[in-house]
Amino acid sequence: MKLLRIYECLCDRTRLRILHLLQQGPLCVCHFQAALREPQVKISKHLRYLKTHGLVESRKEGYWRIYRLPLKPSPALAANLRCLQDCTGEDPTFRRDLSALKKLHKSWSCADGECPPTVLQTR
């Protein structure tokens with residue numbers, strides 16, 4: 001993966017917030033909506049951009065599309081994700097996002113019912 005492509009993806013605050021949450025494990029769009037307090041269309045647009053550029057992977061499971069970080073990230077992507085993780089601890093927005101995600105953990109719900117078991121099992 002080319003370094004320039006990675007930095008193009010990292011230059012947006014919403015995409016950084018999404019990548020930060022994905023470091024906790026696979027998530028579906030509704031989880032991002034709740035944790036980031038952003039509309040579905042905005043989240044989906046950024047996830048599509050990240051997927052197109054190779055920073056996230058997805059799979060369809062029932063009614064849901066589950067997103068995750070690549071299982072085998074390039075060395076450049078892995079280094080930048082470590083940097084993101086190290087740098088977000090002091091930022092109140094990223095701390096708030098992570099706290100919201102952890103609160104959701106006990107009450108996962110998707111628009112059409114319960115979330116897929118594989119999402120819950122990765123927690």
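Throughout, read-outs are computed from the coordinates displayed, never taken from laboratory work. Since the model is a prediction, treat every value here as computed from it, not as a measurement.
Observations
- Length gained on full extension, ARG82 to LYS51, computed as 0.36 nm times the residue gap minus the Cα-Cα distance: 9.3 nm.
- Bridging of LYS51 to lysines at a Cα separation below 16 Å is possible for LYS2, LYS42, LYS60, LYS72, once same-chain residues fewer than 8 apart are set aside.
- Taking 0.36 nm per residue of sequence separation and removing the Cα-Cα distance, the TYR7/GLN23 pair yields an extension gain of 4.0 nm.
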